[in-house]
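Engineer: Okay, here's the structure, questions in a sec.
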Amino acid sequence: MDMKSKMHTGDLYLPGDAEIMKEQLDCLEKLYEFNATRPHEQTKRQQMLKEMFAEIGEDCYIEPPLHANWGGRHVHFGKGVYGNFNLTLVDDTHIYVGDHTMFGPNVTVATAGHPILPELREKGYQCNAPVHIGCNCWLGAGVIVLPGVTVGNNVVIGAGSIVTKDLPDNVVAVGNPCRILRRVNERDKAYYFKDRKIDPEELP
C-alpha cells in the first residue's frame, strides 16, 4: 500500500511523501486564494468552497481565515454549516459535519496524530482517524475535537472544551477533558440564555 492510501486507513505513514506533498500544496494554493477574498466577494467564496471541499451543502458560510491541512479536500459539510473566524480543520483524513452545525471562533477539528514512541516521531510518521460531528450542533469558541471522535446530533460543547471521547445526542458538554454536563431538557424550551425567555413566536 502506498503512503497516500495509508492516510485514510489509520496506518502509520509519512506525510512528507513527494506525491502527498504535491497534491497537498495544490490544495493549499486554493485555500490561500479563498482567504484572500474580499468581504463583498460572497459568490466567489461559495464557488471556491464547492471546489475545495469534498462535499459542501447549500447555505454554508465560513468566515476567513480558514485553516485546513488539505484546504478542505477531505471535509464533508451538510447544509447551513457556519464557521467563524480561524476555524482549523486538520483534514489529513475525513471530517464529516451535519446540517446546521455552528463553529465558534478558533475551533479546531483534528484528524491527525503522531506515535508516542519518539523513534517513530523522529522519522516523521503520522496516523489519522476520521471525525464525525452531527447535525445542529454548536461548538463554542476555542473547542478542540481530537482524532477519531464522534459527536452526536443537537450537541452543545462549551467554549474551550477539549473533546477526547464520543458524545451522544442531545447533551451539553464542557471541560478538559470534555464531559457531559446535562441533557438538553424542558427548561431549554423556555429559556435561551440564563433567565432570558424564548418568545413563543420564535419557535418553529
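Engineer: Charged (D, E, K, R) and closer than 26 Å to His74 by Cβ: does that describe Asp199?
Structural biologist: So Asp199 does not fit the description; no.
Engineer: Checking the condition modelled with pLDDT under 95 and in contact with a Phe, Trp or Tyr (Cβ under 7 Å, 6 or more places away or on another chain), which residue from Met48, Met52, Met7, Met3 passes?
Structural biologist: Just a single option satisfies the conditions, and that option is Met3.
Engineer: Within the range 2-26, which residues are more than 21 Å from the chain's Cα centre (by Cα) and either in a loop (DSSP other than H, G, I, E, B) or not charged (D, E, K, R) (or both)?
Structural biologist: Scanning the range 2-26 gives Asp2, Met3, Ser5, Asp11, Leu12, Tyr13, Leu14, Gly16, Asp17, Ala18, Ile20, Met21.
Engineer: Related question: Can Met52 be described as hydrophobic (A, V, I, L, M, F, W, C), surrounded by fewer than 21 Cβ atoms within 10 Å (Cβ to Cβ) and free of Cβ contacts under 8 Å to residues at least 60 places away in the same chain?
Structural biologist: For Met52, the condition - hydrophobic (A, V, I, L, M, F, W, C), surrounded by fewer than 21 Cβ atoms within 10 Å (Cβ to Cβ) and free of Cβ contacts under 8 Å to residues at least 60 places away in the same chain - is not met.
Engineer: Could you list, in sequence order, the residues of the range 27-62 that are assigned to a loop (DSSP other than H, G, I, E, B) and over 18 Å from Val97 (Cβ atoms)?
Structural biologist: Result: Ala36, Thr37, Arg38, Pro39, His40, Glu41.
Engineer: Give me the pairs, please: first residue somewhere in the range 27-39 and free of Cβ contacts under 8 Å to residues at least 60 places away in the same chain, second residue anywhere and surrounded by 14 or more Cβ atoms within 10 Å (Cβ to Cβ) and in a helix (DSSP H, G or I), beta-carbon distance under 7 Å, and either six or more positions apart or on two chains.
Structural biologist: Hits for this filter: Lys30/Met48; Lys30/Met52; Leu31/Met52; Glu33/Met48; Phe34/Arg45; Phe34/Met48; Phe34/Met52; Thr37/Arg45.
Engineer: Failed condition for Arg45, given (1) in contact with a helix residue (DSSP H, G or I) (Cβ under 8 Å, 6 or more places away or on another chain); (2) without any contact (Cβ under 8 Å) to a residue 24 or more places away in the chain; (3) among the basic types (Lys, Arg); (4) within 24 Å of Asp2 (Cβ to Cβ), with all others met?
Structural biologist: (4)
Engineer: Quick check: is even one residue across the range 61-78 over 19 Å from Pro105 (Cβ atoms) and β-branched (Val, Ile, Thr)?
Structural biologist: Among the residues of the range 61-78, not one is over 19 Å from Pro105 (Cβ atoms) and β-branched (Val, Ile, Thr), which makes the answer no.
Engineer: A further question on this structure: Limited to the range 36-49, what total is found for residues that are exposed (fewer than 13 other Cβ atoms within 10 Å of the Cβ) and not aliphatic (A, V, I, L, M)?
Structural biologist: Here the count works out to 6.
Engineer: On to the next question. Hey, among Gly80, Gly71, which residue is assigned to a loop (DSSP other than H, G, I, E, B) and in contact with a Leu (Cβ under 7 Å, 6 or more places away or on another chain)?
Structural biologist: Of the residues listed, the single one that is assigned to a loop (DSSP other than H, G, I, E, B) and in contact with a Leu (Cβ under 7 Å, 6 or more places away or on another chain) is Gly71.
Engineer: Here is a further query. So which residues in the range 87-133 are over 17 Å from Gln24 (Cβ atoms) and of a type in the set (Phe, Trp, Tyr), if there are any at all?
Structural biologist: Scanning the range 87-133 gives Tyr96, Phe103.
Engineer: Would you check if Tyr13 is crowded, with 17+ Cβ neighbours inside 10 Å and either at positive phi or of a type in the set (Ser, Thr, Tyr) (or both)?
Structural biologist: Spelling it out, Tyr13 is indeed crowded, with 17+ Cβ neighbours inside 10 Å and either at positive phi or of a type in the set (Ser, Thr, Tyr) (or both).
Engineer: Filter the range 71-89 for residues that are surrounded by fewer than 24 Cβ atoms within 10 Å (Cβ to Cβ) and touching a residue at least 40 places away in the same chain (Cβ under 8 Å) and give the result.
Structural biologist: Arg73, Gly78, Asn84, listed by residue number.
Engineer: Which residues, taken from the range 56-98, are acidic (Asp, Glu) and within 13 Å of the chain's Cα centre (by Cα)? Quick ask: steps written out before the conclusion?
Structural biologist: Here is the first cut: in the range 56-98, the ones acidic (Asp, Glu) are 58-59, 63, 91-92.
Hits for the range 56-98 are Asp91, Asp92.
The values are calculated or read from the model by the stated rules, or taken from the named source; none is laboratory data. These numbers come from a predicted model, not from an experiment. Cβ atoms come from the backbone with ideal geometry, glycine included; neighbour counts cover every protein chain shown.
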